[in-house]
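Let me begin by presenting the structure, written as structure tokens, before commenting on it.
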């Protein structure tokens, strides 16, 4: 089997260069990625995971990762907390939307609570702990957006907490307001 | 050149099946896509575009489309309005975050205003018009999320407008709070 080999050029029906396979012409569209994560509270303390993987191995982060296909952001945030911290979450609401264009990421960060006191390090974590807010290791946080999310969560905790709109209750974009189903390729 | 041919199987270091090229082993990760769009107001009226492309050709929609690599969502929303409606936008704020898991979309919808009264149909639009709210063709809107966004925009117009947090002013995730740059692969 040959090694993957792609050339960057602009397809006829497009306006930007894309990665095109040299052997079969497959167009590998690179799209921005969606990260979903949660600031998780339990009895006034905040759950953080010490990363077992690069980048930033050994640094502390909130449970977060890439949204999968056909997954709601809330389901993705719950899955990541389960995988990284063996934690079962009760999602409260969307806290923040961040963008990191340098690495083509959009991050959706939720506020959440532990459904039970159980948690433990999953395969991508060296350690998982609950921190009193004053004890959070600020110099050992993994990413800028972890700082932002913790800061915004503290603001939200004071009650000055703005929230965005999201899907109407019970709606997942599969039907028009008149009840008619939408076709598969439509949003 | 051969035709692209992919088989769905789970890579060794992964937990879900992915599309893998039969000839070179390239793993084509399918990720959820980010749609960015705007509810655009001008002197109390709302800008809508009549779609010139499928799906839902001939139906009305807000200017919206896929976020590109290394683009902020706000820049993407401005670009889409420029492409579809030749409109220059002043983005006011994030209005809503929707998810359509059936088609693996997350949509970030902004409130915006026209910077000038100029607009015209771009190549993906048959027509672009400003509608008085009472005149919006509700039976001819393209997608459920267009209904949601217009409804939420009306709620926002009444002043009961919740907003989410987003990046701190001037920050794009390129440096830690202590000013140190983050490495390229980090968020």
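The values are calculated or read from the model by the stated rules, or taken from the named source; none is laboratory data. The structure displayed is predicted, hence computed values, not measured ones. Neighbour counts run over all protein chains shown; Cβ positions are idealised from the backbone, glycine included.
Every test in (1) over 20 Å from residue A:143 (Cα atoms); (2) at pLDDT 95 or above; (3) in contact with a helix residue (DSSP H, G or I) (Cβ under 7 Å, 6 or more places away or on another chain) is passed by residue A:37 save one, and that test is (1). Within this structure, residue A:141 passes the test of being within 19 Å of the chain's Cα centre (by Cα) and in contact (Cβ under 8 Å) with a residue 40 or more places away in the chain. For first residues located in segment A:69-80 and closer than 12 Å to residue B:100 by Cα, partners that are assigned to a helix (DSSP H, G or I) and lie 6+ apart or on another chain with Cβ distances below 8 Å form the pairs A:70/B:101; A:70/B:102; A:71/A:79; A:71/B:101; A:72/B:101.
Right, residue A:6: without any contact (Cβ under 8 Å) to a residue 24 or more places away in the chain, outside the structural domain of residue A:93 (by TED's automatic domain parsing), surrounded by fewer than 19 Cβ atoms within 10 Å (Cβ to Cβ) and closer than 19 Å to residue B:69 by Cα or not? Spell out the reasoning first.
Details: without any contact (Cβ under 8 Å) to a residue 24 or more places away in the chain: yes; outside the structural domain of residue A:93 (by TED's automatic domain parsing): yes; surrounded by fewer than 19 Cβ atoms within 10 Å (Cβ to Cβ): yes; closer than 19 Å to residue B:69 by Cα: yes.
Considered against the rule, which asks whether it is without any contact (Cβ under 8 Å) to a residue 24 or more places away in the chain, outside the structural domain of residue A:93 (by TED's automatic domain parsing), surrounded by fewer than 19 Cβ atoms within 10 Å (Cβ to Cβ) and closer than 19 Å to residue B:69 by Cα, residue A:6 comes out as yes.
The residue that is surrounded by the fewest Cβ atoms within 10 Å (Cβ to Cβ), among those in segment A:72-126 that are within 11 Å of chain B (Cβ to nearest Cβ) and more than 16 Å from the chain's Cα centre (by Cα), is A:123. With respect to the conditions (1) at pLDDT below 90; (2) within 9 Å of chain A (Cβ to nearest Cβ); (3) under 19 Å from residue A:108 (Cα atoms), residue B:28 lacks only one, and its number is (3).
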